[in-house]
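Taking it in order: structure first as structure tokens, then the write-up.
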Amino acid sequence: MPQNVKLLVTRQFPANVLERCQRDYNCTLNPNDTDWPDEELIDQSFGHDAIFFSSGNKFTADVIAALPNEVKILATFSVGYEHIDLSAALKRNLVVVNTPHVLNEATADIAFMLMLCASRRAREADKMVRNSDWHGWTPTQLLGIGMQGKRLAILGMGGIGREVAKRARSFGMIIHYHNRNRLPEHLEQGAIYHQSAEDLMKVADFLSINCPMTPKMKYFLNTDKIKLLPNQAIVVNTARGGLVHDDSLISALKSGRVFAAGLDVFGGEPAVNPEYLKLDNVFLSPHIGSATFETRDAMGFLALDSLDAFFAGKEPLNRIA
Ligand code: DGY
């Protein structure tokens with residue numbers, strides 16, 4: 001084990017993960033569970049061979065250029081890597097690894113939680129009981145939209161999207177998807193492919209956003225796309241907040257053009273557009289897609305497997321640069 005390797009750990013990862021870091025590496029830990037600002041991150045990185053961090057640390061071209069030469073590899077505790085300038089890393093011969101696959105199921109569970117909570121009005125229901133505003137069952141109280149027989153449009157049919165599809169099949173939904181490339185039949189499992197994302201919007205009784213955030217996809221769900229959705233669609237986002245143009249979605253939620261939304265991620269998080277907070281037809285959660293004990297351990301262990309391989313002179317797993 002690479003105990004002579006100096007590892008900078010920028011966050012308080014789960015106890016099992018930190019234990020393994022400290023067992024196998026010469027670690028510098030961050031005693032506070034907050035992201036260091038860029039300058040401090042750079043200062044802290046001196047004397048380290050590797051940095052293990054989460055998406056709160058932004059490895060921009062400027063930060064990467066300022067890292068000392070001894071830093072050879074960056075390991076992000078996330079599948080998403082929009083916080084890292086990969087071309088700057090490549091230019092500097094800096095290896096970068098991430099943690100895909102192990103969070104697919106947990107994130108799909110949260111997408112489903114959001115679909116159910118949005119379509120069945122969980123926020124209003126909970127509020128009614130807590131506020132003692134419930135005065136008994138009525139035939140038309142809090143009617144929502146059922147999932148059975150509805151078309152679920154999955155934007156981004158990678159590992160998470162396919163897990164969402166798997167759950168949706170057992171709810172009797174008809175799966176449609178758009179992906180950069182059509183999936184082979186054994187992965188498609190009867191899901192209907194749409195070559196354009198716009199076409200997919202037209203069948204989205206329920207829309208689940210599961211694609212990576214790229215500059216091209218910024219504000220994907222804007223007023224024009226919302227106009228394509230069937231009336232009273234349900235929108236859920238467990239990918240990245242920047243994929244949604246908040247003002248457009250908020251106005252569609254206010255008018256009822258979109259029936260409800262479930263959001264786990266936000267542009268500029270942890271800040272949340274205050275208009276969402278006023279709406280009863282939005283169910284909100286604080287970026288908990290991968291937040292299970294099992295998944296967070298698995299993410300940490302996967303990153304450490306990659307670091308172990310790299311420092312043993314092997315090709316690291318899940319190398320993205
Ligand atoms: C991921 O793994 O990308 C999660 O969203 C946490 O950043």
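The values are calculated or read from the model by the stated rules, or taken from the named source; none is laboratory data. As the structure is a computational prediction, the values presented were derived from the model and not from experiment. Because the Cβ atoms are built from the backbone with ideal geometry, glycine has one as well, and the counts that use them run over all protein chains shown. Just the protein is used for accessible areas: all its heavy atoms, side chains included, with ligands, DNA and RNA removed. Shrake-Rupley method; radii C 1.70, N 1.55, O 1.52, S 1.80 Å.
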Would region 191-210 turn up any residue that is hydrophobic (A, V, I, L, M, F, W, C), touching a Gly at 6+ places or on another chain (Cβ under 6 Å) and not in a helix (DSSP H, G or I)?
no
Test set (1) open to solvent by 40 Å² or more (accessible area, probe 1.4 Å); (2) part of a loop (DSSP other than H, G, I, E, B) - G146 fails condition number:
(1)
Inside region 245-299, can you point out the residues that are of a type in the set (D, E, K, R) and either open to solvent by 50 Å² or more (accessible area, probe 1.4 Å) or closer than 23 Å to A125 by Cβ (or both)?
D247, K254, R257, D264, E269, E275, K278, D280, E294, R296
Among the residues of region 62-82 satisfying the criterion of being touching a Ser or Thr at 6+ places or on another chain (Cβ under 7 Å) and more than 12 Å from the ligand (Cβ to nearest atom), which is farthest from A321 (Cα to Cα)?
P68
Among the residues of region 173-199, which ones are within 10 Å of L152 (Cβ to Cβ) and open to solvent by less than 40 Å² (accessible area, probe 1.4 Å)?
M173, I175, H176, Y177, A191
Residue match in region 200-207 (condition: in contact with a Cys (Cβ under 9 Å, 6 or more places away or on another chain) and open to solvent by less than 20 Å² (accessible area, probe 1.4 Å)):
no
Pairs where the first residue, in region 68-92, is farther than 20 Å from E40 by Cβ and the second is within 16 Å of the ligand (Cβ to nearest atom) and open to solvent by 60 Å² or more (accessible area, probe 1.4 Å), C-beta under 7 Å, 6+ apart
G80/P212
Which numbered condition C117 misses (of (1) farther than 18 Å from V258 by Cα; (2) open to solvent by less than 30 Å² (accessible area, probe 1.4 Å)):
(1)
Residue list for region 1-36, filter: acidic (D, E) and surrounded by 15 or more Cβ atoms within 10 Å (Cβ to Cβ)
D24, D35
Any chance T10 is in contact with a Gly (Cβ under 9 Å, 6 or more places away or on another chain) and of a type in the set (S, T, Y)
yes
Among the residues of region 170-180, is any in contact with a strand residue (DSSP E or B) (Cβ under 9 Å, 6 or more places away or on another chain) and more than 19 Å from F112 (Cβ to Cβ)?
yes
Where E124 falls short, out of the listed (1) open to solvent by less than 50 Å² (accessible area, probe 1.4 Å); (2) under 30 Å from S54 (Cβ atoms); (3) not polar (S, T, N, Q)
(2)
Among the residues of region 259-272, are any among the aliphatic types (A, V, I, L, M) and without any contact (Cβ under 8 Å) to a residue 12 or more places away in the chain?
yes
Helices (runs of 4 or more DSSP H) fully within region 212-316 counting 1 or more residues that are within 16 Å of the ligand (Cβ to nearest atom) and modelled with pLDDT of 95 or more:
293-311
Which of the residues that make up region 277-294 are over 20 Å from L116 (Cβ atoms) and either acidic (D, E) or within 13 Å of the chain's Cα centre (by Cα) (or both)?
E294
Is there any pair with a first residue in region 152-165 that is farther than 15 Å from M201 by Cβ and small (G, A, S) and a second that is in a loop (DSSP other than H, G, I, E, B) and open to solvent by less than 10 Å² (accessible area, probe 1.4 Å) whose Cβ atoms are under 7 Å apart and which are 6 or more apart or on different chains, and what are they?
A165/A191
Over region 9-40, the set of residues assigned to a strand (DSSP E or B) and touching a helix residue (DSSP H, G or I) at 6+ places or on another chain (Cβ under 6 Å) is V9, C27
Extreme residue, farthest from the ligand (Cβ to nearest atom), among residues of region 37-56 that are open to solvent by less than 60 Å² (accessible area, probe 1.4 Å) and touching a Lys or Arg at 6+ places or on another chain (Cβ under 8 Å):
G47
